[in-house]
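A short write-up of the structure that comes next.
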Amino acid sequence: MSTATAPDAPNSPDPGKRPEHDESGSALWASGGTMFAGVLMMVNGILGIFEGIAGIAKDDVYERIGDYVYKFSLTTWGWIHLVLGILVAVVGWGILKGASWAKATGVALAALAIVAQFLWLPYTPVWALISIAIGVFVIWALCNDRSDVAGP
């Protein structure tokens with residue numbers, strides 16, 4: 001007597017197919033986080049460009065709070081923010097486009113932006129802390145995205 005097997009139910013997982021997420025669902029969350037990181041990098045880069053332009057155009061736009069070890073003129077800080085802002089915005093665009101170079105470059109630039117914002121703390125303390133938090137999220141999201149890793 002032969003035993004007939006019932007066809008797989010439509011909702012049962014295909015054993016040959018890779019699941020869309022792992023047990024915790026963090027792979028899908030990190031992929032969405034990567035897109036959000038790209039948007040945050042673009043926005044933060046554009047704001048950095050404006051911050052740089054303000055520092056270059058007028059040297060007394062920002063008031064320093066107290067004495068600080070890392071003293072640059074505001075014009076120098078303006079150029080730093082302008083160049084870094086352009087680079088961050090371009091890499092953010094690359095992340096949104098799925099460019100292969102963009103993730104590693106994004107991690108490096110986000111780390112550099114965190115350092116720059118730390119040094120910029122006396123001029124805009126609240127915004128610098130927000131930018132540092134954004135940079136930490138961007139690094140986390142880009143390091144945890146596994147969308148380009150081949151499945152088993």
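The values are calculated or read from the model by the stated rules, or taken from the named source; none is laboratory data. From a predicted model like this one, the values you see are computed outputs, not experimental measurements. As a convention, Cβ positions derive from the backbone with ideal geometry for all residues, glycine included, and neighbour counts pool all protein chains shown. Ligands, DNA and RNA are stripped out before the accessible areas are found, and what is left, the full protein with its side chains, is counted by its heavy atoms. Shrake-Rupley method; radii C 1.70, N 1.55, O 1.52, S 1.80 Å.
What FRET efficiency comes out for the pair residue 36/residue 72, r = Cβ-Cβ distance, R0 = 41 Å, nearest 0.05?
Plugging the Cβ-Cβ distance into 1/(1 + (r/R0)^6) gives 0.80.
Show me 85-92, 128-135 ranked by packing, highest mean number of other Cβ atoms within 10 Å first.
Ranking, from highest mean packing down: 85-92, 128-135.
From the protein chains alone at 1.4 Å, what is the descending order of accessible area for 127, 77, largest first?
So, going from the largest accessible area down, we get 127, 77.
Based on the Cβ-Cβ distance from residue 146 to residue 100, what FRET efficiency comes out when R0 is 22 Å, to the nearest 0.05? Could the numbers behind the result be given before it?
Numbers: r = 14 Å, r/R0 = 0.64.
Rounded to the nearest 0.05, the efficiency is 0.95.
Starting from the Cα of residue 108, step 7 Å along the direction of its Cβ; do the same at residue 46; then give the gap between the two resulting points in nm.
Taking the simple label geometry, residue 108 and residue 46 are separated by 2.6 nm.
Given labels modelled 7 Å from the Cα in the Cβ direction, how far is it in nm from residue 129 to residue 79?
That separation, rounded to one decimal, is 3.2 nm.
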